[in-house]
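> Sharing a structure with you now.
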Amino acid sequence: MSKALWVVQALLAVVFLFAGGVKLLTPPAVLAAQMALPIPIWFIQFIGVCEVLGAVGLILPAALKIRPGLTPLAAAGLVVIMIGATTITAATMGVAMAIMPFVVGVLAAFVAFGRTRLAPQVAPMRAPQLDPAI
């Protein structure tokens, strides 16, 4: 199960790095022209930052074994973003176009659940440090 979770985490990291990077690197005027709803540009850029940080959070904590409990939290945050993306896409472009963000959200939920219940990763135990004052 852990290998399947790693594969899904890697795929999601690539998707969210790309999506967030596009939101951050696209000029604001072009970004505003692409929006179907009048959403402030700063909010779209904030979502881009959250997507990039979420992508990093899917891989680095578990890979480096430093605070691996952050990985399911990153996945859960990305689920929240994808709920919004699915809702906005369904409202503006139709239900058929909302399938893709829905599937990405379900995969992020799978990672959040999997890293919490099915195959949690724990940080390695450190040796106790002796206090020289004793």
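> Consider M93 against the criteria (1) touching a helix residue (DSSP H, G or I) at 6+ places or on another chain (Cβ under 9 Å); (2) farther than 14 Å from I47 by Cβ: it satisfies all of them except one. Which criterion is unmet?
That leaves (1) as the condition not met.
> Mind checking which helices (runs of 4 or more DSSP H) fall wholly inside region 1-109 and carry at least 3 residues that are within 15 Å of Q121 (Cβ to Cβ)?
2-25, 41-64, 70-93
> Would you confirm, using the coordinates I've provided, whether L31 is under 18 Å from V106 (Cβ atoms), in contact (Cβ under 8 Å) with a residue 12 or more places away in the chain and surrounded by 18 or more Cβ atoms within 10 Å (Cβ to Cβ)?
Details: under 18 Å from V106 (Cβ atoms): no; in contact (Cβ under 8 Å) with a residue 12 or more places away in the chain: yes; surrounded by 18 or more Cβ atoms within 10 Å (Cβ to Cβ): yes.
So L31 does not fit the description; no.
> Of the conditions (1) hydrophobic (A, V, I, L, M, F, W, C); (2) touching a Phe, Trp or Tyr at 6+ places or on another chain (Cβ under 9 Å); (3) modelled with pLDDT of 95 or more; (4) more than 16 Å from A19 (Cα to Cα), V104 clears all except one; give me its number.
(4)
> Can I ask one more? Of all residues in region 13-23, how many are buried (at least 16 other Cβ atoms within 10 Å of the Cβ) and either over 11 Å from the mean Cα position of the chain (by Cα) or touching a residue at least 40 places away in the same chain (Cβ under 8 Å) (or both)?
Going residue by residue through region 13-23, those that are buried (at least 16 other Cβ atoms within 10 Å of the Cβ) are 13, 15-17, 19-20, 23.
Cutting the leftovers down to either over 11 Å from the mean Cα position of the chain (by Cα) or touching a residue at least 40 places away in the same chain (Cβ under 8 Å) (or both) gives us 13, 15-16, 23.
Adding up the residues that qualify gives 4.
> Please state which of the following conditions F46 fails to meet, knowing it meets all the rest: (1) surrounded by fewer than 17 Cβ atoms within 10 Å (Cβ to Cβ); (2) modelled with pLDDT under 95; (3) not polar (S, T, N, Q).
(2) is the only condition that F46 fails.
> On the basis of being free of Cβ contacts under 8 Å to residues at least 24 places away in the same chain, closer than 18 Å to F110 by Cα and touching a helix residue (DSSP H, G or I) at 6+ places or on another chain (Cβ under 9 Å), does I83 make the cut?
yes
> Please specify each residue of region 107-117 satisfying the condition of being farther than 17 Å from A55 by Cα and either modelled with pLDDT of 95 or more or surrounded by 13 or more Cβ atoms within 10 Å (Cβ to Cβ) (or both).
Once the filter is applied, which keeps residues that are farther than 17 Å from A55 by Cα and either modelled with pLDDT of 95 or more or surrounded by 13 or more Cβ atoms within 10 Å (Cβ to Cβ) (or both), region 107-117 yields only T116.
> Follow-up question, since we're still on this one. Would you be able to say whether some residue in region 86-96 is within 13 Å of the chain's Cα centre (by Cα), touching a residue at least 12 places away in the same chain (Cβ under 8 Å) and surrounded by 20 or more Cβ atoms within 10 Å (Cβ to Cβ)?
no
> If I ask for residues that are of a type in the set (G, A, S) and under 16 Å from P101 (Cβ atoms), which ones from region 6-64 would you list?
Selection gives A19, G20, A36, G48, G54, A55.
> Among the listed residues A55, A19, A33, A13, identify the single one that is among the hydrophobic types (A, V, I, L, M, F, W, C) and at pLDDT below 95.
Details: A55 fails: at pLDDT below 95; A19 fails: at pLDDT below 95; A13 fails: at pLDDT below 95.
Going through A55, A19, A33, A13 in turn, the sole match is A33.
The values are calculated or read from the model by the stated rules, or taken from the named source; none is laboratory data. The structure displayed is predicted, hence computed values, not measured ones. Virtual Cβ from ideal backbone geometry, glycine too; neighbours counted across all protein chains shown.
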